[in-house]
Amino acid sequence: MIGHRSHTLPEICADLADAVLRLDGPESTRNQRAVVDRVPLADEAELSAGLRKLGPALDEVALGNGGFLATLAAGLIEMGADPLPVLGVLVDRVAGGLESAAQFGLFADKLGDVSAPTSADEYRALRDRIVDAAPAAGLSVEEAGQITQAWFSVNDWIPSLLLPLQQKRGRLALPQRDRLTAATIAMSEHAEDAPWLLGLLRVLDDEGLVVAHRESGRVFELTMSGVGDNIQLHVLLAAALIGDDRIPGERPDPSWVAAATDGMMMPEGGVRTQFDLTDASGAPIWAEGRPADIPVVEGRRVIVLNRPSYSRAYNVGRLYPLMVPELTVDRALPADEAAAWLARLP
């Protein structure tokens, strides 16, 4: 560790990437610890440069050996590194790993017990069973090994995308979205973190909304980004529209707004919704759903704010702690335009 004290984070990360690709376990561990020691001293530029140096190893390391490296990349991103230079590599590795893991189900029937190995002896025993079972499954030994490795290790890679996708720049720059979404859906019931990834893949950015308040007859156009679920949307709509000569009502408690934006996620007493939401057809917009579920009408998602039938409380104000939402009121529609929208609503 002493030899690393005068090194910058990019130099240490380059040494780590080299050790990983050489399969040098002790050197990898030494450099990983040095990275952890250096990170608190690094500014955003150094963090970003360090993350870029990990790119080749993230691209080439075997899926089963690279989970710690993906976790380290996620940590650098959380501390402030720009994720965009490695985003394509991370998407390709996670999507490929999920695709391979999704093929494991049929092969598992040939293997019998498929608990994750916890010792060298268990690993060797599993490897021998893979060799024996591969021909009957119509797979080469190499293909069978990759599928099995992906099944046990791909979840370790998913957090490397959970961090950048909580940033708007990461979501807007995301490559291979359709491929990654399909692969995530295929493993959503099997990989622990896949549902969290799928939720981020469904987040809308720069999305136009038409919001009608039935009681006052007022209608507004808004733009939304980075909202994880409809509980959060409830609170943000109330904060944006109640008062300021927009719609009547009691403004949401500041602790609820903080929970829905960038404050403590679980305020004392939870958060409360102040409307019943319906879509343009009159169907309920369930609080537990997501904004992407709201139907589009003429290019915008339409939300109707109705008087609440009863007060509902929820423990958490947002799903993703590092995703800061945006909800801006673009304009209040003139009376004639508002009346035209209201006339269309059931």
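Provide the per residue accessible area, probe 1.4 Å, for the chain, rounded to a whole number of square angstrom.
For the chain, the solvent-accessible area averages 47 Å² per residue.
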**OP:** Would you work out the charge dipole size for the range 270-346 about its Cα centre, treating the Cβ of every Lys and Arg as +1 and the Cβ of every Asp and Glu as -1, and quote it to the nearest 20 debye?
**Re:** 260 debye
Subject >> Debye log10 I(q)/I(0) for the range 1-128, one point scatterer per Cα, at q = 0.19 Å⁻¹ >> reply: -1.03
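Could you work out the local net charge near Val61, counting Lys and Arg as +1, Asp and Glu as -1, over the other residues with Cβ closer than 13 Å to its Cβ?
Value of the local net charge: -4.
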Subject >> Expected 222 nm ellipticity per residue - DSSP helices of 4 or more, -39500 (n - 2.57), all of the chain, to 500 >> reply: -15000 deg cm²/dmol
Original post:
For the range 134-147, what does the Karplus curve 6.51 cos²θ - 1.76 cosθ + 1.60, with θ = phi - 60°, yield as ³J(HN,Hα) per residue in whole Hz, taken in order and with x for Gly and Pro?
Top reply: 4, x, 5, 8, x, 10, 6, 4, 5, 4, 5, x, 5, 4
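I want to verify the translational diffusion coefficient of the range 249-299 in µm²/s; compute it with Stokes-Einstein, Rh as the Kirkwood radius over Cα pairs, at 20 °C and 1.002 mPa s.
Approximately 165 µm²/s, per Stokes-Einstein.
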Original post:
Using modelled backbone amide H atoms (1.01 Å from N, in-plane), which distant-in-sequence or interchain residues come within less than 5 Å of Arg218's amide H?
Top reply: His213
**OP:** Using a 1.4 angstrom probe on the protein heavy atoms only, line up Phe68, Phe104 by accessible area, largest first.
**Re:** Phe68, Phe104
Original post:
Which whole-number value in Å³ per residue fits the convex hull of the alpha carbons of the range 209-299?
Top reply: 107 Å³
Original post:
Which value, in debye to the nearest 20, describes the size of the charge dipole of the range 193-346 about its Cα centre when Lys and Arg Cβ atoms bear +1, Asp and Glu Cβ atoms bear -1, and nothing else is charged?
Top reply: 340 debye
Subject >> Cα-based radius of gyration of the range 120-175 once divided by 2.2 N^0.38 Å, which approximates compact folds >> reply: 1.67
Original post:
Once the Cα atoms of the range 68-135 are picked out, what are the Rg and Dmax in Å?
Top reply: 16.7, 47
Subject >> Accessible-area order (highest first, 1.4 angstrom probe) of the listed residues Glu250, Glu46, Glu326, Glu78 >> reply: Glu250, Glu78, Glu326, Glu46
**OP:** Considering Cα pairs under 8 angstrom that are at least six residues apart, work out the relative contact order of the chain and quote it in whole percent.
**Re:** 15 percent
**OP:** Subtracting the Cα-Cα distance from 0.36 nm times the residue separation, let me have the gained length for Glu27 to Ala335 in nm, one decimal.
**Re:** 103.9 nm
Original post:
Mind checking the dipole of the chain: about its Cα centre, +1 per Lys or Arg Cβ, -1 per Asp or Glu Cβ, Debye to the nearest 20?
Top reply: 460 debye
Original post:
So what's the angle, to the nearest 10 degrees on a 0 to 90 scale, between helix 177-186 and the longest Cα principal axis of the chain?
Top reply: 80 degrees
Original post:
Quick one: helix 67-79 against the long Cα principal axis of the chain, what's the angle to the nearest 10°, folded into 0 to 90?
Top reply: 40 degrees
**OP:** Please state, to two decimals, what the Cα-based radius of gyration of the range 130-249 comes to when divided by 2.2 N^0.38 Å (N = residues).
**Re:** 1.59
Original post:
If you line up the Cα atoms of the range 58-190 on their principal axes, what length do they span on each, largest first, in Å?
Top reply: 46, 30, 24
Original post:
Which of Leu9, Ala292, Leu90 sits closest to the plus end of the dipole of the chain, meaning its Cα is farthest towards the positive end, when Lys and Arg get +1 and Asp and Glu get -1 on the C-beta?
Top reply: Ala292
Subject >> Heavy atoms of Asp43: accessible area, 1.4 Å probe, square angstrom to 10 >> reply: 90 Å²
Original post:
If you compute P(r) over Cα pairs in 10 Å bins from 0, in percent for the structure shown, which of (1) 5, 21, 24, 21, 16, 9, 3, 0; (2) 5, 21, 29, 24, 14, 6, 1, 0, 0; (3) 5, 24, 31, 24, 12, 3, 0 do you land on?
Top reply: (1)
Original post:
Dividing the alpha-carbon Rg of the range 254-341 by 2.2 N^0.38 Å yields what?
Top reply: 1.23
Original post:
Long-range amide H contacts for Gly228: which residues qualify at under 5 Å (H placed 1.01 Å from N, peptide plane, sequence gap of 5 or more or a different chain)?
Top reply: Leu319
Original post:
How far is helix 25-38 tilted, in degrees, relative to the longest principal axis of the Cα atoms in the chain, given as a value from 0 to 90 rounded to the nearest 10?
Top reply: 40 degrees
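Need one number: the % of Cα-Cα pairs in the range 190-346 sitting beyond the 18 Å mark.
Of all Cα-Cα distances in the range 190-346, 57 percent exceed 18 Å.
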Subject >> Accessible area in the full protein assembly, largest first, 1.4 Å probe, for Asp244, Asp15 >> reply: Asp244, Asp15
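The values are calculated or read from the model by the stated rules, or taken from the named source; none is laboratory data. The model shown is predicted, which means the values in this text are computed figures rather than measured ones. Please note: Cβ atoms are built from the backbone with ideal geometry, for glycine as well, and neighbour counts cover all protein chains shown. To get the accessible areas, we keep the full protein, side chains included, count just its heavy atoms, and leave off ligands, DNA and RNA. Shrake-Rupley method; radii C 1.70, N 1.55, O 1.52, S 1.80 Å.
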